[in-house]
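For reference, the structure is listed below as structure tokens.
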Amino acid sequence: MYLLILVLPLLGSIISGLGGRWLGRYGTNLITIFCVGLSMILSIGAFYEVGLTGSFCYLFVGSWIKSGILSISWSLLFDSLTCTMLVVITVISTLVHLYSIKYMEYDPHCPRFMSYLEIFTFFMLVLVTADNLIQMFLGWEGVGLASYLLINFWYTRLDANQSAIKALVVNRIGDFSLMIGIFLTFYVFQSVDYLLIFTLASFFSNHYLSFLGFDIHSLSLISIFFFFGAVGKSSQLGLHTWLPDAMEGPTPVSALIHAATMVTAGVFLMARFSPILEFSPMVLFLMIIFGALTAFFASMVGIFQNDLKRVIAYSTCSQLGYMIFCCGMSCYNVSLFHLFNHAFFKALLFLSAGSVIHAVSDEQDMRRMGSLIKFLPATYSFMLIGSMTLSGFPFLTGFYSKDFILELSQVYSYSNLEMTYISFACLLGSLSVFLTAFYSFRLIYLTFINTSNKNNINKNHLHESSFLMLLPLIILSIGSIFIGYIMKDLFIGFGTNFWINSIFILPSHTYFLEAEWLELVYKWFPFIASLIGIILSSFINIRNINIYNWFYNQKLFFFLSFLSSKKWYWDVLYNRFLILPLLKFGYSITFKILDRGFIELAGPYGISQLTLRLSKIIRNLQTGQVTHYIFFIILGLATFLSIINSTYLHIFDFRLLLIFCFLIFLV
């Protein structure tokens, strides 16, 4: 059963990719849905058997690499963390596959698209089920490759080409950091197996590496490289620039990347390596700062976005910041709970956005929409549920995890009063709640409620999506309402032992236990911030007030607004101080001096010139006189006899040397 969870998506990808021309669109859709759907059913069974009954499963498939002390095998690890991720991946992937049948109905390359979705799911399953670092890295690189193929699915579009290359190159930075972390782990622990590394981690809590005369804490060094790998994959501040541009792919791709695969890999990595991170307080501090800054930055930039999918993309970036922020507080169980909840309402938002885009003839600018509530009432309902859940509205799914993270941040700041940066991070996280609610309902108003800006000809073609596209939305909306309440006690309930074999938290870091006794006024603070954001957004849109004129007169707010509308100039700074100097260096040094200079002179150009000059010399020797030819024959014979004599007799005949010098003198 466990092996079939991985094999079925791979089998579906191979069949649909290689046989799609003969199977056709309907045959490909049937096979891929069957494979991923059966994998989902088996994943739910594995979740019950491993997560609920506490039956830990380790499956050895076969040996892979053996070289000295390095021993790597194909083996699968199924614990509560793995099975939770399996449910998220397979459920969302199945719904995205079902949604794509109708969404990609008229695309001539539908079999290739379904094959890419399947291979994306397979590599993510490999990543979460691996029991060693090398196998995990195989899945890590595989999801990067699959994301490139899916973002660049419409490869005739220049924007799709550029976005796919950007995603691949930016993720290379994080992948390189993860590789160094893997090498260091093997150097310190002499193994890449999870079970051995996590068992020995506490014994290396005071282990140091000597480098250039400095003693560096080994676990902190490993953790920081792993964290920067997660920064690239989970789109944290600094390496976040690829995520908004990934919207160039089809909308089902965006839902799969943002909800179940790719971006969740970094959070999973942090939770999986909690036994190492717990002994690295410096890295935990970095995670808090990066997570809080990412949440605030993304929510601030999301207010000024006009592309429907980019607004939701920045909300993903913000929510990932909350997850990393929570991991930095050593509350990995709460972070995974938010990851689980986030998958449902984020997939709901993206697929609802796809339904809107599908209905308005591929228009994505919210300023050109409006009044769609009259034409798309079902989609409006689903989008409203997703936005309210994202805002943390009480008793919806997002409320149980997102608000609890903010409560934990307050408890954590009180427990670390001497550290002002903790309070600063708590403040940024709380401000992000207000901003998230504001841009979520700004999206609702501009898309569905405000006066339409479309012409009457396009309005006549507006229609609700088919039932095959609405069915995944119905399932996701039910999950967005109830799944948080259903899973709350299992994941983060008081005294639960669901994560006992999966994550490790030091007893001194159990802040989530203290959050139960936080004062009621602090518990309601996130909801009040969300409510203020909703009311302000509604007031601006209903009264049609141009708040930007007020911002224009306030210098501080004008500066922040202008900065946010330009995405804090991250892309400009990268282009000016990193990309442009590298391009100039590549053209001036490596191309003009090395490629066109030294290599060509020493290589093809130099050899051709040398051959030309030698040919001229040899041509001049062809005089046609018999005496000259006799001279060259004797010269060659003397040279040959000199070499033979010195080689075999080890004695050089000076008479032959004398003849040789005399002939040279005659020349």
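The values are calculated or read from the model by the stated rules, or taken from the named source; none is laboratory data. Please read these numbers as outputs of a predicted model, since none were measured by experiment. No Cβ is skipped: glycine too gets one built from the backbone with ideal geometry, and neighbour counts run over all protein chains shown.
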Taking the stated definitions as given, is Leu52 closer than 15 Å to Val128 by Cβ and of a type in the set (A, V, I, L, M)? no
Please go through region 51-90 and pick out each residue that is β-branched (Val, Ile, Thr) and free of Cβ contacts under 8 Å to residues at least 40 places away in the same chain. Thr53
Among the residues in region 211-219, are any aromatic (Phe, Trp, Tyr) and surrounded by fewer than 20 Cβ atoms within 10 Å (Cβ to Cβ)? yes
Six or more apart or on different chains, Cβ under 9 Å: which pairs go from a residue in region 300-320 that's within 13 Å of Trp568 (Cα to Cα) to one that's at pLDDT 90 or above and part of a loop (DSSP other than H, G, I, E, B)? Could you list them? none
When only residues in region 490-507 that are in a helix (DSSP H, G or I) and surrounded by 13 or more Cβ atoms within 10 Å (Cβ to Cβ) count, which is farthest from the chain's Cα centre (by Cα)? Leu490
What do you reckon, is Ile405 part of a helix (DSSP H, G or I), modelled with pLDDT of 85 or more, of a type outside the set (Ser, Thr, Tyr) and in contact with a Cys (Cβ under 7 Å, 6 or more places away or on another chain)? yes
How many residues of region 340-360 are in contact with a His (Cβ under 7 Å, 6 or more places away or on another chain) and either β-branched (Val, Ile, Thr) or at pLDDT below 85 (or both)? The answer is 1
Given the criteria at pLDDT 90 or above and out of contact with any helix residue (DSSP H, G or I) (no Cβ under 7 Å at 6 or more places or on another chain), does Met388 qualify? yes
Which residues, taken from region 8-48, are without any contact (Cβ under 8 Å) to a residue 12 or more places away in the chain and either of a type in the set (Asp, Glu) or within 17 Å of Leu77 (Cα to Cα) (or both)? Tyr48
So which residues in region 134-167 are of a type in the set (A, V, I, L, M, F, W, C) and more than 22 Å from Leu10 (Cβ to Cβ), if there are any at all? Trp154, Leu158, Ala160, Ala164, Ile165, Ala167
Are any residues in region 240-250 crowded, with 23+ Cβ neighbours inside 10 Å and under 12 Å from the mean Cα position of the chain (by Cα), and if so, which ones? His240, Leu243, Pro244, Ala246
Examine region 430-438 for a residue that is crowded, with 23+ Cβ neighbours inside 10 Å and either modelled with pLDDT under 85 or hydroxyl-bearing (Ser, Thr, Tyr) (or both), and state whether such a residue exists. yes
Quick one: in region 489-514, which of the residues that are among the β-branched types (Val, Ile, Thr) and farther than 23 Å from Ala46 by Cα is modelled with the lowest pLDDT? Thr510
Could you list all residues from region 328-365 that are among the polar types (S, T, N, Q) and either surrounded by 24 or more Cβ atoms within 10 Å (Cβ to Cβ) or part of a helix (DSSP H, G or I) (or both)? Ser330, Asn333, Ser335, Asn341, Ser352, Ser355
When Phe399 is evaluated against the numbered criteria (1) modelled with pLDDT of 85 or more; (2) under 16 Å from Val311 (Cβ atoms); (3) surrounded by fewer than 24 Cβ atoms within 10 Å (Cβ to Cβ), which criterion, by number, is the only one it fails? (2)
Is one or more of the residues making up region 147-159 hydroxyl-bearing (Ser, Thr, Tyr) and at pLDDT 90 or above? yes
When every residue in region 47-89 that is β-branched (Val, Ile, Thr) and under 22 Å from Thr185 (Cα atoms) is compared, the one nearest to the chain's Cα centre (by Cα) is Thr82
Within region 515-556, residues within 33 Å of the chain's Cα centre (by Cα) and modelled with pLDDT under 75 come out as Ala515
Within region 81-132, which residues are of a type in the set (Ser, Thr, Tyr), closer than 18 Å to Val143 by Cβ and not in a helix (DSSP H, G or I)? none
Within region 345-352, is even one residue among the charged types (D, E, K, R), in the same structural domain as Ile481 (by TED's automatic domain parsing) and out of contact with any helix residue (DSSP H, G or I) (no Cβ under 7 Å at 6 or more places or on another chain)? no
Which one of these is part of a helix (DSSP H, G or I), closer than 23 Å to Leu348 by Cβ and within 28 Å of the chain's Cα centre (by Cα): Ile31, Ile44? Ile44
